[in-house]
Each structure stands twice: as structure tokens, then as C-alpha cells.
Amino acid sequence: QVQLVESGGGLVQPGGSLRLSCAASGRIFRIDTMGWYRQVPGKERELVANITRGGDVNYADSVKGRFTISRDNGENTVNLQLNSLKAVDTAIYYCNADITNTILTRRAYWGQGTQVTVSS
């Protein structure tokens, strides 16, 4: 089986920083695009950033210049560095990955979510 496990969320003051990590494990053959999404109550889940297996990145306009996504294909991990945090960044952040397992079944997987709260 394949699992995604997230870590790094927490409480931070406006202007502060956090680093989120997500590790994929299990019977993995290949991971294509990985990304981070976030969701607040009453709103749909939105893309924050994603990154292809080859390293091409895409960011939501609201986080461009403040957040940085990266990945390590050898460790099957994806990270999100969150800088210059604002109160509007408060949300549950979810890891997402397009994974093919060792019996060649391909689908999207989601992490359990980690809470990011920006408040003074």
C-alpha cells in the first residue's frame, strides 16, 4: 500500500516561517507530479503549489514569491517552505501526489492534512 505522511504545521506569528514536509512510502513504482493544497471551512480546496518529476514548478498567485516547493525523488518527499506568512494563509494544508504502484496502478493520493495557523 502507498501512504503520504505530512509534518511541520503549527502556530506562527505574521511574517514568520514554517516548513512543511510530506513523505510517500509503500510499494511505489513512480511518482509524477506532487503538490500542496489548502482548505478553510466553507471554501473549496485550492492549489498552493505543485512540482513535476522533472522539477517544473507552479504557484498560486497569492503565494508566489513567498512559498517555495521542492522535492527529492530519491527520498520520495516533497516540501513547502512558507515565508512571510499572513493571517489569510491560515488553513489545513494537504499533500498530494500522482503515484504509480508496483502493480502499475496509477492514481492520486492525499495526505491527512496539517494545520497552519498564522496569528499574533
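So here's what we get for this one:
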quantity: Relative contact order %, the chain, counting alpha carbon pairs below 8 Å whose residues are six or more apart; calculated: 36 percent
quantity: Neighbourhood charge, 13 Å Cβ-Cβ cut-off, centred on G16 and excluding it, Lys, Arg +1 and Asp, Glu -1; calculated: +2
quantity: Surface per residue (accessible, 1.4 Å probe) for the chain, Å²; calculated: 54 Å²
quantity: Net charge of Cβ neighbours under 14 Å - reference S7; Lys, Arg +1; Asp, Glu -1; calculated: -1
quantity: Mean projected area in nm² (Cα convex hull; one quarter of hull surface) for segment 1-118; calculated: 6.9 nm²
quantity: Of all accessible heavy-atom area on the chain, the percent that carbon and sulfur account for (1.4 Å); calculated: 47 percent
quantity: Those trypsin sites (Lys or Arg not before Pro) in segment 35-120 that DSSP places in a loop and that have at most 16 other beta carbons within 10 Å; calculated: K43, R45, R53, K64, R66, K86
quantity: 3J(HN,Hα) from dihedral phi, segment 57-74, Karplus parametrisation 6.51/-1.76/1.60, rounded to Hz, x for glycine, proline; calculated: 10, 9, 10, 5, 4, 5, 10, 4, x, 10, 10, 9, 9, 8, 8, 10, 5, x
quantity: N58 long-range amide H proximity, modeled H, under 5 Å; calculated: N50
quantity: Dipole magnitude of the chain about its Cα centre (Cβ charges: Lys, Arg +1; Asp, Glu -1), debye to nearest 20; calculated: 80 debye
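The values are calculated or read from the model by the stated rules, or taken from the named source; none is laboratory data. What you see is a predicted model; the values in this text were computed from it and never measured. Cβ sites come from the backbone with ideal geometry, for glycine too, and all protein chains shown count toward neighbours. For accessibility, only protein heavy atoms count, side chains too; no ligands or nucleic acids. Shrake-Rupley method; radii C 1.70, N 1.55, O 1.52, S 1.80 Å.
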